[in-house]
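Only one structure is covered here, and it is reproduced in the block below.
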Amino acid sequence: MYKFKKISFLLLLFIGLSSTLSYAQAQNVTVTGKLKDNFDEELIGATVVQKGTTNGTITDIDGNYKITVPANATLEFSYIGLETLAVKVNGKTVIDAQLKQSSEFQLDEVVAIGYGTVKRSELTSAVSSVKGDDIANIPVTDALQALNGKVAGLQITQAQGSPGADVKVRVRGGISITQSNDPLYIVDGFPSPDGLRVLDPTDIESIDVLKDASATAIYGAAGANGVILITTKSGKEGKANINFDSYVGFKKISKRLGVLKPLDFVKLEYERAMLDGGIDEARKFTQRYGLGWDEETPLLANMQNTWNDMPDAYGNRAGINWQDEIFDGQTPVTQNYKFSVNGGNKDTKYNVSFAHTDDDGVMKGSGYEKNNIRMRLDQKLNEKLRFSANVGYVWDKTTGLGSLNEGGRFSRMQHIIQYRPVISRDGNDQDLLNMDVDPILDNDSGNVMVNPNTSITEEKRKRTSRILNINASITYNILPNLTYRGMVGMGRNDNDNDVFFGPRSSQAQRSGGPYAELRKASRDNWTYSNTLTYKPKINRNHKLDIMVGQEETYRRDKSMNLGIRNFGEDNFGLNDLSLGKFADVPTNDVSDSRQLSFFSRVNYNLLAKYLFTVTVRTDGSSKFGGDSKWGVFPSGSFAWRASDEDFIKNLNIFSDLKLRVGFGTAGNNNIQNYLSLMRMGSSYMPENGIQENSYYEQQLANSKLKWETDVSTNIGLDMGFFSQRLQVTLDFYRNEASDLLLNKNLPLISGFPSMIANIGKTRNVGFEMAVTSYNIDNDNFKWSTTFNFATNKNKVIKLADASTMPVRSNWSSNEWNGYDYMIREGEPIGQMWGYVNDGIYKVEDFDFNPNAGKEEDVYTLKEGIVSVSGEKVRPGYWKYRDLNGDGVIDSKDEKVIGKAQPKFYGGITNNFSYKGFDLSFVLNYSVGGDVYNANKMFYTMTKNRYKNALTDVLGRFTYIDQNGENVYRNPDALAQLNSNNNYASLHGTQNLQFSSKFVESASYLRLSNITFGYTVPRTLVRKIGIQSLRFYASMNNLFTITGYSGFDPEVDTRSNGGLSPGIDWGAYPRATTTLFGLNLTL
């Protein structure tokens, strides 16, 4: 279906009016007919002309035409994007025709390049485009999800599966080490700090991704991480179209983690009681899980009786699977409804839309709701002046804390995985569902475990955003070849993130009662720009396009955090904060930034074969030091349309062949405000027994602080074969980033440990390939395929004070807080740092001492077996590789054990159509790279009493034999018992250490979407006043082929500003979504 399908007659009416010349010949005939496109749909506003004359007309809304011509005339049928067709009349009075897609259409497509557009055939930079239909046809709540896998070099990672989850977008990897690597988003010419979040996916006309610096340099200090240009839909000439698009569906969790079933859990509890509990824990265990405690019977005999009873008591017992309870306890529904009206005439075009989305999460109590209103007006005021305006308003709400509200042992996902599956031998396991706290833990002062259902009902979060964007532009044709365009826009974002912990929550119980946390943030921004474009007419061999411009942007951010505590047991939560009896001291922050810019671009086309583009931009920003306020960002690119050379044409191979070479500089100004200035902070200090205000220096000034800079080189090749039925684009690039912001150590005499300075350097080198193939293209059946592939190799060239920079991910600040990432010169960012797992210590690694009094002294390491610094190991402990050969495992034996960045990634899309039926499916893939499975690391720590564990521990080294006896002091029996076990023992997992055991492959192949639709023939629906009607069924995230043992390999929950990517800790699981929808146009 073509974007220009709804062109009104009014634009072309003058053709019909000018065609009234009378060709009074005796043989004149009146010819009627119908024109259709290659999708067998009527063409509205197609041109019908008698060849060689001005006698013509246009087709009506049903594709019909009528024209009077000589009987021997030739009719020419034409339509934008379709091949012109010439038909001899030969006296016929009825001529129907079908126009096919033009092979040159893709080359004449208009591509947005920043402050202007060019034909794709004249493009000299690395720019990838996605049509709005390719996004709208995938029913998702966020356009970025539909964009995933459709652009080579564009890497989109969803942090987790929760509704409204953060999405990380990287263009060619990003350049920075410590600052933001997010691309710049431009919506209809205006910067969008909120990215694509402000748009409904079906409002998008096209997306153009600017990837190399020769394209992004026009955005200067903001373009180093790529630029994503979004053009929204405008109205079309013709009568008003009323559109209704809707889908409704349901979700189901796509994967579960394997946890111990009741019998295996009770055996684990038995082992805990036998090894660490003493007589008190043994008594409690038998009373809870066995037949009871007999005071006249010895401890071991009591335990033995329980062991023998366990298979019958728990072998066929279902217990409570908390994942089922939390993720299957409801039927999550996702629904979307959108109304839009668009139309216009040759002077006025309009598009108004309202969209509502309601997306339930698979976890109880979580969801996302969004309302989106958008209005666009394009007005031709006179022959020289045009006006355009856009208004967009978004209100969205995210509810529920999800699975990752807190780190370490307070993670909600940890409670879901590790809460007990059984209550007791003779009790009703269903009682666990109704108890706020496990009765075992009532008197446990260190308990942080709460019934997962209770956590959901007692831990309330409501995050709401209100985003308003208003912008307008005027275009004035000063002279036929000189055009002025002025643009002005403003935006406002108000964000409330409110959380309330009710009296039954673990947080309230630890803090002395219910409490609320309120976080408020707002942002105001405005932009205005002025451009002059001069396109002198020279001659047919020379084409020149000169643009100069000026732009100013301003942004102001405010935030406030407030805590209110000591609510009573009975309260109204966030609805009445006055019931709180004590408020924390509020904190707030206010900052602003301003940037002034001047820029220019020159496009020169020689002989339509040799294309040159030169841009330069200079930016002045308040973010940077007094000595470095201004930066200059030049670029240049060249393209050679080799397919227009005679010697290439004579080969009869290429329908398109273009070589592109680009070089340029762009900057990254997406950093905090005031980093270049000395900043003061406030605090309190006691004076005469009274807390008085105090002030102190927070940061040293750096007058030389400036933007991070990227110098990019790109070589590209565009090829077309078989009249553009096969299109291939290849790009090789090298990005050298310098002046990256890092903390530099300072002498102690300065009073500050460090200051931020432009020191670091990185390099990204990569290759991209995009292929589009129209495999079958006939009247009834069509099949097209797009495939893209990208690889990016990142390398840190220079750090601040040393060649290495250790990083703590802090996913678990309580149980383990070691360095688990390492940034090193000569290596990529995202390297996981830890020990190389070498299995477990076996019995044969030790000398046996039967007379030892303490358990830890029974086994001592043999000579030549590596020991662990500061730890007395036993059989069944994790064993690590001694890399330096000194016989002791310590920090000197740590190394790179994983890399978060994939080797290559991309996507495959197939589209099929047969008459009124359509089918499409999208595959995304990523090969190489690793996941840091912190879930496995924590959920297999079996020493923690009363907690369930992952099924990995079924293969643990154990001291309890098949008869329930402790054979720890029988080395032969212990060795035999554990001959096939390869997971660490109860005691062997008590001290968390990051090792290669918890690093897994992140490779995957995902069927992210499949959609099947049917468009009802127009001949049927028009009888009831409907222009078009399509029904469809769609599934998202249908399956994922991966070797990763966690929920999903595409995860990034603790990225720490990008320094520690690829961590899976408490991630909200993804869901498979099944949808049914319709597209209706009246």
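Observations on the structure shown:
- Set the Cα radius of gyration of the stretch 763-918 against 2.2 N^0.38 Å, with N its number of residues, and you get 1.77.
- Cα-derived Rg to Rh of the stretch 823-895, Kirkwood definition: 1.10
- Shape category assigned to the stretch 744-821 from the gyration tensor of Cα positions, a/c cut at 1.5: prolate
- Charge tally in the Cβ shell below 13 Å around GLN335, where Lys, Arg are +1 and Asp, Glu are -1, GLN335 excluded: -2
- Prolate/oblate/rounded label for the stretch 106-241 (Cα gyration tensor, a/c 1.5): oblate
- Converting phi to 3J(HN,Hα) with the Karplus coefficients 6.51, -1.76 and 1.60 and the offset θ = phi - 60°, the stretch 662-679 yields x, 9, x, 10, 9, x, 10, 10, 7, 10, 5, 6, 6, 5, 8, 9, 6, 10 Hz in sequence order, with x at every glycine or proline.
- When each of LYS284/LYS842; LYS397/LYS520; LYS370/LYS558 is checked by Cα-Cα distance, pairs over 20 Å: LYS284/LYS842; LYS370/LYS558
- If you take the Cα centroid of the stretch 581-615 and the Cα centroid of the stretch 886-928, the two points sit 32 Å apart.
- Kirkwood hydrodynamic radius of the chain, Cα pairs, Å: 33.2 Å
- Amide H contacts of ASN241 (H built 1.01 Å from N, under 5 Å, at least 5 apart or other chain): ASN342, GLY343
- Secondary-structure-derived ellipticity at 222 nm for the chain, considering helices only, amounts to -2500 deg cm²/dmol, per-run term -39500 (n - 2.57) for DSSP H runs with n ≥ 4.
- Contact order normalised by residue count of the chain, Cα under 8 Å, 6+ apart, percent: 11 percent
- Summed side-chain charge close to SER125 - residues other than SER125 whose Cβ falls under 9 Å, Lys, Arg +1, Asp, Glu -1: +1
- Cα gyration tensor shape of the stretch 154-225, rounded if a/c is under 1.5, else prolate or oblate by comparing a/b with b/c: oblate
- Rounded Å value of the spacing that divides the Cα centres of the stretch 104-175 and the stretch 240-288: 40 Å
- You can think of it this way: the chain between LEU381 and PHE1039 has 231.6 nm of extra reach, that is 0.36 nm per residue less the Cα-Cα gap.
- Out-of-range pairs (alpha-carbon distance over 18 Å; input LYS100/LYS349; LYS119/LYS609; LYS100/LYS346; LYS233/LYS346; LYS706/LYS761; LYS936/LYS997): LYS100/LYS349; LYS100/LYS346
- Partners of LYS251 within straight-line reach, counting lysines whose Cα lies under 17 Å from its Cα and excluding those fewer than 8 residues away in the same chain: LYS364.
- Bridgeable lysines around LYS1023 (alpha carbons under 25 Å apart, same-chain partners fewer than 8 residues away excluded): LYS3, LYS5, LYS6, LYS34, LYS36, LYS66, LYS236, LYS239, LYS338, LYS915.
- Measuring nothing but how far apart in sequence close Cα pairs (under 8 Å, 6+ apart) lie, relative to its length, the stretch 817-912 scores a relative contact order of 32 percent.
- Extents of the stretch 262-318, taken as max minus min of Cα coordinates on every principal axis and listed largest first, are 32, 21, 14 Å.
- For the stretch 619-636, backbone phi angles converted through the Karplus equation (6.51, -1.76, 1.60; θ = phi - 60°) give residue-by-residue couplings of 10, x, 10, 6, 6, 10, x, x, 8, 9, 5, 10, x, 10, 10, x, 7, x Hz, Gly and Pro being listed as x.
All of the numbers you see were taken from the coordinates with simple rules; none came from a lab. Since the structure is predicted, the reported quantities are computational estimates derived from the model, not experimental observations. We place every Cβ from the backbone using ideal geometry, glycine too, and count neighbours over all the protein chains shown.
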